[in-house]
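J.: Dumping the structure here so I can ask a few things about it.
The values are calculated or read from the model by the stated rules, or taken from the named source; none is laboratory data. Note that this is a predicted model, so its numbers are computed, not measured. Using ideal geometry, Cβ is built from the backbone for each residue, glycine included, and neighbour counts are taken over all protein chains shown.
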Amino acid sequence: MAGGNNVARMSPRQRMINLMYIVLTAMLALNVSSDVLNGFSQVQEGIQRTNLNMTARNDVQFRVLEEIYARNPEKAGEWYARGKALRERSASLYNQIETLKVAIAKAADGPEGDYSNIINNDDLEAASVTMLNPATNRGTKLRTDVDAYRDYLTTLVSDSAKRVAVAEILSTKVAAPKGAVGSVSWEQKMFENMPAIAAVTMLTKLQNDIRQAESEVLSNLITNVDIGDVRVNKMAAYVIPNSNMVMRGGKYSANIVLAAIDTTSRPAIYINGARLSNPDGLYEFVPGGIGSHDYSGYIEVPRGDGSISKYPFTSSYTVIEPMATISPTMMNVLYAGIDNPISISVPGVPMNAVQASISSGSLARNGDLWVARVSNVGSEAVISVTAQLDGRSMNVGSMTFRVRKLPDPTVYLPVRDGSGNVTHYKGAPKRISKAALMSADGLGAAIDDDILNVNYTVVSFKTVFYDQMGNAIPEVSDGSRFSARQKEQFKRLKPGRSFFISDVKAKGPDGITRDISPMEVALN
């Protein structure tokens, strides 16, 4: 039995039945006489009558929801559909419990058993055999279905306090009896060694809980039909433009509405002395001159006594020249041979209505950005932008870019730090360990200044070592990798010594092979 506000909402009869149920259950635990079992029959009959009353009440509530839906299907459609589904699911679980009551009565009295008049009401086997049989697991299935039904109901209740109350009504949580070893399931507590009449009574009480929870949810659904309505104590006129900024040649659109308007009685809207012909209050036209423009009007609303109320309004709009915003995300140039991200937007125009082209190379959309690829170093590329405005394509701007060759990269040794992460060692004055040097397979080159991030392919390079006499010992690489002779020289290096990497040639994505500045490698 749920507490709190649920008890306050119960009728005196329901409170009495619940109290009798608790007292009789406690007396049963004390192994009182068979007269107490007969008392369960009286409680069973009382709860059954209450169930009939609750069922009738829920029928009335659902009819109210049906009537609201019949009057306004659009407004109440969602809540009516939920209420109908609730009724079907509640009836299914209620009837399932009814079937279990019949099964317990037949297990106690035979095929002709009637749960409303159980002869062997003290039978301690009937409930256990029916509900706890591992072959059928009816008790476990009932608990699972009650849990699922409870969780379903809580999704239909918007009020948090009511949601908790509904969850408590159908809670299947049980506390282990004192002295018991391990946990006790809900179905064990309900049906293990329970007299047949007591088990039937508790199932009837569960049906009562279902009807009570269903009533709470139906009441909440009826309330929700109007919960989205806006309650106001003041009426005012509003102008809602799609945009206050309009391009010359574009269209200005605005909705002029009265708050809390009754859709069955449309107000009359007047703008600059002329009545608006659109019944939905949509005001649109093609403005002329550039600059800011004002307009005003009023809304006429008929009152119940036949008089007319006027609600004035004013608004303004600005007409601007067509324009586009074009900006490279890296620098004010385009680099040959790589993808150049370009941001292109037109104020007030969605991205899917904007198109762009380039005079030299290619330009393609990539999500919210554009990617330009050019190849003719030293030339210029013009990006032109068009936009779909009111069904026609308009040229909204262009921008000229200079095409430049990619800068030279910086060479580096890919070495691992103390954490095992690969880092780029770019030479003295920083120093690296001999172990880090030995772990490097070759040389890399890249522009990684966080403005341009471009990788190059090292074609060849030399290493220059100096012996104790100061003689230079050059060694040639194996492409971008260290040759075996270079690695042999690394092994001979002593701590604190250094060598040079020179004659580096690297090829960029633009296809140009260039000479890169040398690098000094210093050991710890």
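J.: Which of the residues belonging to segment 467-502 are of a type in the set (A, V, I, L, M, F, W, C), more than 16 Å from Ser439 (Cα to Cα) and loosely packed, with under 15 Cβ neighbours inside 10 Å?
T.: Once the filter is applied, which keeps residues that are of a type in the set (A, V, I, L, M, F, W, C), more than 16 Å from Ser439 (Cα to Cα) and loosely packed, with under 15 Cβ neighbours inside 10 Å, segment 467-502 yields Met469, Ala472, Ile473, Val476.
J.: Inside segment 368-400, can you point out the residues that are in a strand (DSSP E or B), under 18 Å from Pro341 (Cα atoms) and among the β-branched types (Val, Ile, Thr)?
T.: Passing the criteria: Val371, Val374, Val382, Ile383, Val385, Thr400.
J.: Let me ask something additional. Within segment 386-397, is there a residue that is surrounded by 12 or more Cβ atoms within 10 Å (Cβ to Cβ) and either hydroxyl-bearing (Ser, Thr, Tyr) or outside the structural domain of Val333 (by TED's automatic domain parsing) (or both)?
T.: Yes - at least one qualifying residue is present in segment 386-397.
J.: Tally the residues that are of a type in the set (A, V, I, L, M), under 30 Å from Ile197 (Cα atoms) and surrounded by fewer than 18 Cβ atoms within 10 Å (Cβ to Cβ), restricting the search to segment 66-96.
T.: Total satisfying the criteria: 1.
Conditions (1) closer than 22 Å to Val225 by Cα; (2) surrounded by 13 or more Cβ atoms within 10 Å (Cβ to Cβ); (3) touching a residue at least 24 places away in the same chain (Cβ under 8 Å); (4) aromatic (Phe, Trp, Tyr), marked per residue:
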| position | (1), (2), (3), (4) |
| --- | --- |
| Thr140 | no, yes, yes, no |
| Arg143 | no, yes, yes, no |
| Val146 | no, yes, yes, no |
| Tyr149 | no, yes, yes, yes |
| Thr154 | yes, yes, no, no |
| Asp159 | yes, yes, yes, no |
| Lys162 | yes, yes, yes, no |
| Glu168 | no, yes, yes, no |
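J.: May I pose another question? Give just the number: which of (1) at negative phi; (2) modelled with pLDDT of 65 or more does Lys234 not satisfy?
T.: Every condition holds for Lys234 apart from (2).
J.: Further question: Could you check segment 368-405 and list, in sequence order, the residues that are within 15 Å of Leu334 (Cα to Cα) and either in contact with a Lys or Arg (Cβ under 7 Å, 6 or more places away or on another chain) or of a type in the set (Val, Ile, Thr) (or both)?
T.: Within segment 368-405, Val371, Val374, Val377, Glu380, Val382, Ile383, Thr400, Val403 meet the criteria.
J.: For segment 507-521, which residues satisfy the criterion of being touching a Gly at 6+ places or on another chain (Cβ under 9 Å) and either surrounded by fewer than 16 Cβ atoms within 10 Å (Cβ to Cβ) or within 13 Å of Val458 (Cα to Cα) (or both)?
T.: Passing the criteria: Gly508, Pro509, Gly511, Ile512, Arg514, Pro518, Glu520.
J.: Right, here's the next one. Select from segment 118-138 the residues that are touching a residue at least 60 places away in the same chain (Cβ under 8 Å), in a helix (DSSP H, G or I) and not small (Gly, Ala, Ser) and list them in ascending order. Before the answer, list the steps.
T.: From segment 118-138, those touching a residue at least 60 places away in the same chain (Cβ under 8 Å) are 118, 120-124, 126-128, 130-132; that's our starting set.
Among the residues that remain, those that are also in a helix (DSSP H, G or I) are: 126-128, 130-131.
Those that are touching a residue at least 60 places away in the same chain (Cβ under 8 Å), in a helix (DSSP H, G or I) and not small (Gly, Ala, Ser): Thr130, Met131.
J.: Out of the strands (runs of 3 or more DSSP E) lying entirely within segment 259-337, which hold 2 or more residues that are closer than 30 Å to Arg373 by Cα and modelled with pLDDT under 90? Quick ask: steps written out before the conclusion?
T.: Numbers: elements: 268-271, 282-285, 291-302, 308-320, 325-328.
Passing ranges, in order: 325-328.
J.: List every residue pair whose Cβ atoms lie under 6 Å apart, where the two residues are 6 or more positions apart in sequence or sit on different chains, the first residue falls within segment 369-384 and is assigned by TED's automatic domain parsing to the domain that holds Ala336, and the second residue, located anywhere, is in a loop (DSSP other than H, G, I, E, B) and modelled with pLDDT of 95 or more.
T.: none
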